[in-house]
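Heads up, the thing below is written out as C-alpha cells.
The numbers here are math on the coordinates, done by the rules we state, and not lab data. Every value quoted in this text rests on a predicted model; they were computed, and no experiment measured them. Cβ atoms come from the backbone with ideal geometry, glycine included; neighbour counts cover every protein chain shown.
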Amino acid sequence: MQRYEAIKSGFHYKNFVSRQWNTLTISRHMFVSIVLVVLRDYHSLQILIFYCFSILFQCMIFHGLPCESRIDNGFLIFNEVMANIYLYSLICITDFNESADLFDNIALCLMIILIVAFLLNLLYGILSFLVSLFAFTKRVLLRMLCPPDLNNVTDKI
C-alpha cells in the first residue's frame, strides 16, 4: 500500500466514486480515444458524446467528492465546466454554422476559454507547489532550530 501512496494521496475513500476515481478517469480517457477513432467522420456525434460524459463526470464529482480538499474538488468541477463550455462552443462551429463572421468569433471564444482554463490551472499548480514548499521548509527549520532532546528520549526507554 505504501508503494502506491503518491498515486492515492489527496483522495478519500468514502464511496465508490472516491475509491475508483483514478480508474474512472483512465476509463474515460480510453473511451474518448475510442470515440475519436471510431467516430472520426461524425464530429457532431463526438461532441455530443463528450458533452454527455462531461455532465456525467460533473455529477460524479458533486456526489462523490473524490478529493479530500474542497479546493481540489472545486477545481475538478471548474475543469469540467470549462470543458462543457468548450464543447458547447464547438457545437456552434460544426455543420450548423454557415456564417464566417460567427465562426471567427466562436473560434476566438474557444481560444479564450482554453487560455483562461490553462492559466487558472497553472496558477493553482504554482500556488499548491508554493504551499507545499513553505510547509516543507517550515518543518525543516523547526527540526533544525528545535532538535529533539536526546536525554529525555533515553530516560523514557
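Counting only other residues whose beta carbon sits under 14 Å from that of Cys52, what net charge do I get with K and R as +1, D and E as -1?
Numbers: positive: Arg28; negative: Glu80.
After counting each charged neighbour, the total is 0.
Let me know the Kirkwood hydrodynamic radius for the range 2-152, please, with Cα pairs as the basis and the value in Å to one decimal.
On the way: mean 1/r = 0.0534 Å⁻¹.
When all Cα pairs of the range 2-152 are included, the Kirkwood radius is 18.7 Å.
Taking only C-alpha pairs under 8 Å that are 6+ residues apart, what is the relative contact order of the range 2-152 in percent? Before the final figure, lay out the partial values.
Values: 79 pairs, mean separation 30.4, N = 151.
20 percent.
Could you run the Karplus curve 6.51 cos²θ - 1.76 cosθ + 1.60 with θ = phi - 60° over the range 128-134 and give me ³J(HN,Hα) per residue in whole Hz, x for Gly and Pro?
Computed from phi, the couplings for the range 128-134 are 4, 4, 5, 5, 5, 5, 5 Hz.
Scan around Phe11 for amide H atoms under 5 Å from its own, H built in the peptide plane at 1.01 Å from N, and keep only partners 5 or more places away or cross-chain.
HN-HN under 5 Å from Phe11: Glu68.
For a protection proxy built on the mean count of beta-carbon atoms within 10 angstrom, sort 20-32, 122-134 highest first, please.
Numbers: 20-32: 13.4, 122-134: 10.9.
In decreasing order of mean packing, 20-32, 122-134 become 20-32, 122-134.
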